[in-house]
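Visitor: This is the structure I want to talk about, given as structure tokens.
The values are calculated or read from the model by the stated rules, or taken from the named source; none is laboratory data. As the structure is a computational prediction, the values presented were derived from the model and not from experiment. Neighbour counts run over all protein chains shown; Cβ positions are idealised from the backbone, glycine included.
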Amino acid sequence: MDNRFNAQPIPNNAFSSMPVADKGASLPPFTKQELASFRHKAEKPLYCFMVFINVAVIVTAVICSIFAYYGEGPLTGEAGEWIIRNLFGASSENVEAYAEVLFILIMLPLILMAAVYLYYAQYRANSIRITEKNFPEIYQVVEDYSKRLGLKRVPKIYLTQENGVLNAFSTFILRRQYIVLLTDLFEVAYLEHHDLESMKFIIAHEMSHIRLRHATFSYQMSILFANYIPILSSTLSRAREYSCDRVAQHLVGVSGVEPMLALVVGKHLYKKVDIEDYVKHCRETRGFFVFLLNMLSTHPIMPKRIQALLKGSGSGRLFF
């Protein structure tokens, strides 16, 4: 009998006894050991493997480029001496080759940097920044969570409209990170349900990406080329999502199931979903194509994600 989804549902208030930031701003920051215990067990090994692939791709590309420029050189035991002689020789041919390579090496980072800042400018120009005067309740939450997570600075949060999309994300500009909240998700806290707890969980999840260094320039560059390997990159992404869900649970003190249900059925209906019945029918969410969908997804499919949230500890299922 398949019992993968037979765990008993945990009520949404099951985490209410946890010490959370908004129940006492004086609580100390999470320790490194605590954060390590929240992180998915497969996240670091997968990340290290992708860094290795990334370095291997770069080294291979450099070596291939060298031999493409200087194809007459033999791949023998004297290859190192041959490369040095040709790379640092004084011939005019080499000077021209160096100029081309140097131009590419200088321009590529500048182009990437310009693209990142242009992306950031889009949100600065077309969004409302959450401050002590604009949505002060949310700003206070962000400030408290920043202290509990041990962040050096409070991340900027922008509120914008995306034609009914329910979403939020954290991203970066070189050494700074910021969070974007979409208004339809934000309305969960202010309009129909006045559900500030769900909004807190979403914010805590995105801030966890910052604390766990997922939303940093160095992290993304370290796996830049490995990210093009579909199943490997999506598996690491799912592990990151599980990690941030777990940090958010301990930060906010709620299971986080309701905000996930809001992503499934929308901001008007999620409060009407029977969680026990949903989990019961998760057992039917199986089969090869469901497995394949999960493998290719950057986020865990919802049955697996909610099951991990209800479990309340440990690492969520990446595959089966």
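Visitor: Please work out which one of (1) buried (at least 19 other Cβ atoms within 10 Å of the Cβ); (2) farther than 16 Å from F30 by Cβ; (3) over 19 Å from the mean Cα position of the chain (by Cα) is the condition L181 fails and give its number.
Guide: (3)
Visitor: Say we look at region 17-55 and pick out the residues that are part of a loop (DSSP other than H, G, I, E, B) and modelled with pLDDT of 95 or more; which of these is surrounded by the most Cβ atoms within 10 Å (Cβ to Cβ)?
Guide: H40
Visitor: Still on this structure, please answer the following. Every residue in region 236-278 that is of a type in the set (V, I, T) and surrounded by 22 or more Cβ atoms within 10 Å (Cβ to Cβ), please. So that I can check it myself, show each step before the final result.
Guide: Within region 236-278, the subset of a type in the set (V, I, T) is 247, 252, 254, 257, 264-265, 273, 275.
V247, V252, V254, V257, listed by residue number.
Visitor: With (1) over 21 Å from F135 (Cα atoms); (2) at pLDDT below 90; (3) among the aliphatic types (A, V, I, L, M) as the list, and L185 as the residue in question, which single condition is left unmet?
Guide: With respect to (1) over 21 Å from F135 (Cα atoms); (2) at pLDDT below 90; (3) among the aliphatic types (A, V, I, L, M), L185 is out only on (1).
Visitor: Being modelled with pLDDT under 80 and under 30 Å from P155 (Cα atoms) is true for just one of L102, L108. Which residue is that? Spell out how you get there, then give the answer.
Guide: Details: L102 fails: under 30 Å from P155 (Cα atoms).
Just a single option satisfies the conditions, and that option is L108.
Visitor: List pairs: first residue in region 203-215 and in contact (Cβ under 8 Å) with a residue 24 or more places away in the chain, second residue among the aromatic types (F, W, Y) and buried (at least 24 other Cβ atoms within 10 Å of the Cβ) anywhere in the structure, Cβ distance under 8 angstrom, at least six positions apart or on different chains.
Guide: I203/Y145; A204/Y145; M207/Y145
Visitor: Exactly one condition in (1) surrounded by 13 or more Cβ atoms within 10 Å (Cβ to Cβ); (2) touching a residue at least 24 places away in the same chain (Cβ under 8 Å); (3) not basic (K, R) is false for I231; which is it?
Guide: Answer for I231: the failing condition is (1).
Visitor: Also, I was wondering about something else. Report yes if Q161 is surrounded by 12 or more Cβ atoms within 10 Å (Cβ to Cβ), without any contact (Cβ under 8 Å) to a residue 12 or more places away in the chain and over 25 Å from H250 (Cβ atoms), otherwise no.
Guide: So Q161 does not fit the description; no.
Visitor: Can you find a residue in region 184-206 that is crowded, with 21+ Cβ neighbours inside 10 Å, touching a Ser or Thr at 6+ places or on another chain (Cβ under 8 Å) and not aliphatic (A, V, I, L, M)?
Guide: Checking region 184-206: at least one residue is crowded, with 21+ Cβ neighbours inside 10 Å, touching a Ser or Thr at 6+ places or on another chain (Cβ under 8 Å) and not aliphatic (A, V, I, L, M).
Visitor: Shifting gears a bit: Within the group Y117, Y145, Y123, Y139, which residue is among the hydroxyl-bearing types (S, T, Y), surrounded by fewer than 16 Cβ atoms within 10 Å (Cβ to Cβ) and assigned to a helix (DSSP H, G or I)? Give the derivation first.
Guide: Details: Y145 fails: surrounded by fewer than 16 Cβ atoms within 10 Å (Cβ to Cβ); Y123 fails: surrounded by fewer than 16 Cβ atoms within 10 Å (Cβ to Cβ); Y139 fails: surrounded by fewer than 16 Cβ atoms within 10 Å (Cβ to Cβ).
Criteria check complete, one pass: Y117.
Visitor: Please identify the pairs in which a residue from region 113-132 that is within 11 Å of V180 (Cβ to Cβ) has its Cβ atom under 9 Å from the Cβ atom of a residue that is assigned to a loop (DSSP other than H, G, I, E, B) and at pLDDT below 90, counting only partners at least 6 apart or on another chain.
Guide: Listed by first residue and then by second, the contacts come to N126/Q161; S127/Q161.
Visitor: Let me ask something additional. If we scan region 310-318, do we find a residue that is part of a helix (DSSP H, G or I) and either within 21 Å of H205 (Cβ to Cβ) or hydrophobic (A, V, I, L, M, F, W, C) (or both)?
Guide: yes
Visitor: Has region 290-304 got at least one residue that is of a type in the set (A, V, I, L, M), touching a residue at least 60 places away in the same chain (Cβ under 8 Å), under 23 Å from L149 (Cβ atoms) and part of a helix (DSSP H, G or I)?
Guide: No, region 290-304 contains no residue that is of a type in the set (A, V, I, L, M), touching a residue at least 60 places away in the same chain (Cβ under 8 Å), under 23 Å from L149 (Cβ atoms) and part of a helix (DSSP H, G or I).
Visitor: Take the residues in region 207-228 that are assigned to a helix (DSSP H, G or I) and buried (at least 21 other Cβ atoms within 10 Å of the Cβ), then tell me which one is farthest from the chain's Cα centre (by Cα).
Guide: A226
Visitor: Quick check, is S198 in contact with an Asp or Glu (Cβ under 6 Å, 6 or more places away or on another chain), modelled with pLDDT under 95, among the polar types (S, T, N, Q) and in a helix (DSSP H, G or I)?
Guide: yes
Visitor: A follow-up question, please. Within 26 Å of F38 (Cα to Cα) and small (G, A, S), is that true of S170? Lay out the reasoning, then the answer.
Guide: Numbers: within 26 Å of F38 (Cα to Cα): yes; small (G, A, S): yes.
Considered against the rule, which asks whether it is within 26 Å of F38 (Cα to Cα) and small (G, A, S), S170 comes out as yes.
Visitor: Give the residues of region 260-281 that are among the hydrophobic types (A, V, I, L, M, F, W, C) and more than 25 Å from the chain's Cα centre (by Cα), sorted by residue number.
Guide: L269, V273, I275, V279
Visitor: Pick from V279, V264, V254: which is within 30 Å of L149 (Cα to Cα) and in contact (Cβ under 8 Å) with a residue 40 or more places away in the chain? Lay out the reasoning, then the answer.
Guide: Details: V279 fails: within 30 Å of L149 (Cα to Cα); V264 fails: in contact (Cβ under 8 Å) with a residue 40 or more places away in the chain.
One residue alone meets the criteria, V254.
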